[in-house]
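Before any comments, here is the structure.
The values are calculated or read from the model by the stated rules, or taken from the named source; none is laboratory data. The shown structure was predicted, so the numbers you read here are calculated from the model rather than taken from an experiment. Using ideal geometry, Cβ is built from the backbone for each residue, glycine included, and neighbour counts are taken over all protein chains shown.
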Amino acid sequence: MKISMIITAAGMSTRQGKNKLLIRSCNETIIEKTINNFLNNNLDIFIVVGHQKELIVPILTDRFRNDIQIVENKDYVTGIASSLKAGITAAGDSYNYYGFCNGDKPFIKVKTIESLLKYLKDNQPKILVPIYQEQSGHPTFFSKEFIKDFGLISGDTGGREVIKKYPDAVTYLPINDEGIILDMDKYL
């Protein structure tokens, strides 16, 4: 089973006033920590950059060199939908599943990612959304049949629009990891 992981790192951090992905914690930036959690899981990882790419790309290239593919979203100012589309376009259509995660999710446990991937392989749901205390979180996974639907979204909407369109296709998997819902905006 081929799975891509598209991590969005193109946003302007407008609620923060500074790029939260570049904040350092324990000798690495937030985006490095998020990416690091996904490594070693047999995923093709695509990082979508835009805002302040000149600061982010050197960090990612130096740290992850051959482990990720960097994708530029020139339309990042239009919202996250353009980043998802850029990531999907770069990944191509050869994957069984497309995973999505925001770059500011460093608190997701590696064990959680491993559990989600095992569930995907064992059960092959159409759409997989982890939940913690009845709140949906990241990362989410969509089978390739829904990728065309991402081409129809725009602005600051993402996978939620596809989930709303196909509620019967969604598997909500309870996960005992608050990291899937933690938002960096609350901690800065």
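Worth a mention:
- All positions within the range 60-84 that are charged (D, E, K, R), assigned to a helix (DSSP H, G or I) and in contact with a strand residue (DSSP E or B) (Cβ under 9 Å, 6 or more places away or on another chain): 63
- Some residue of the range 135-148 being assigned to a helix (DSSP H, G or I), under 15 Å from residue 38 (Cβ atoms) and of a type in the set (Asp, Glu): no
- Within the range 23-32, none of the residues are surrounded by 13 or more Cβ atoms within 10 Å (Cβ to Cβ), at pLDDT below 90 and in a helix (DSSP H, G or I).
- Residue that is at positive phi, at pLDDT below 95 and surrounded by 14 or more Cβ atoms within 10 Å (Cβ to Cβ), where the choices are 79, 159: 79
- Residues that are among the hydrophobic types (A, V, I, L, M, F, W, C) and in a loop (DSSP other than H, G, I, E, B) were ranked within the range 85-112; the one that is farthest from residue 137 (Cα to Cα) is 107.
- Checked against (1) loosely packed, with under 15 Cβ neighbours inside 10 Å; (2) farther than 24 Å from residue 182 by Cα, residue 133 meets all criteria but (2).
- Test: residue in the range 98-114 that is surrounded by fewer than 17 Cβ atoms within 10 Å (Cβ to Cβ) and polar (S, T, N, Q): no
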